[in-house]
Amino acid sequence: MDKATQTELEAAAFRRLVSHLGKRTDVQNIDLMILAGFCRNCLADWYREAADEKGIAISKEDARAFIYGEPFAEWKKKHQADATPEQLAAFEAAQKKSHG
C-alpha cells in the first residue's frame, strides 16, 4: 500500500471514530478514560498537536469544537453528567494502573 492511500485510510478511520463518538453522547468522557485511557478531549489535544507539528495554529477550543461538533461548553451542558463517586474511584484506579 502506498503512503497516500494509507493516510487516506487512517483519515477515514479517524473521521469515523469522531462521528461514532458524536453519536454516542451517552458515553461519558470519564468512562472512556477509565476503559480506554483516552477521551474526546485527548483526541482534540492530539488533533491540535498534529496541526502544531505542521506549523498550523489551532486553539484548544477550536480543536475541541472539531471533535465535539460544537463548542465544548455547549456539548458539556447537553451531555456531560457529573462524575459519580464510583466513576472517580475507577478513574483513580485506572490512572494508577497506567502510571504504576
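Filtering the stretch 36-71 down to residues that are without any contact (Cβ under 8 Å) to a residue 24 or more places away in the chain and over 21 Å from Ala11 (Cβ atoms), which residue is surrounded by the fewest Cβ atoms within 10 Å (Cβ to Cβ)?
That would be Ser59.
Which residues, taken from the stretch 73-88, are in a helix (DSSP H, G or I) and either under 19 Å from Gly22 (Cα atoms) or under 17 Å from the mean Cα position of the chain (by Cα) (or both)?
Residues of the stretch 73-88 in a helix (DSSP H, G or I): 73-79, 85-88.
Those that are in a helix (DSSP H, G or I) and either under 19 Å from Gly22 (Cα atoms) or under 17 Å from the mean Cα position of the chain (by Cα) (or both): Ala73, Glu74, Trp75, Lys76, Lys77, Lys78, His79.
Quick check on Gly69: is it under 26 Å from Thr84 (Cβ atoms) and out of contact with any helix residue (DSSP H, G or I) (no Cβ under 7 Å at 6 or more places or on another chain)?
On the way: under 26 Å from Thr84 (Cβ atoms): yes; out of contact with any helix residue (DSSP H, G or I) (no Cβ under 7 Å at 6 or more places or on another chain): no.
Considered against the rule, which asks whether it is under 26 Å from Thr84 (Cβ atoms) and out of contact with any helix residue (DSSP H, G or I) (no Cβ under 7 Å at 6 or more places or on another chain), Gly69 comes out as no.
Can you tell me which residue is farthest from the chain's Cα centre (by Cα) among those in the stretch 25-64 that are in a loop (DSSP other than H, G, I, E, B), more than 19 Å from Lys77 (Cα to Cα) and not charged (D, E, K, R)?
Gly55
Every number here is computed from the coordinates shown, using simple stated rules; none is lab data. Just so it is clear, the structure is predicted and the values come from calculations on it, not from any experiment. A quick note on method: Cβ atoms are made from the backbone with ideal geometry, for glycine too, and the neighbour counts reach across all protein chains shown.
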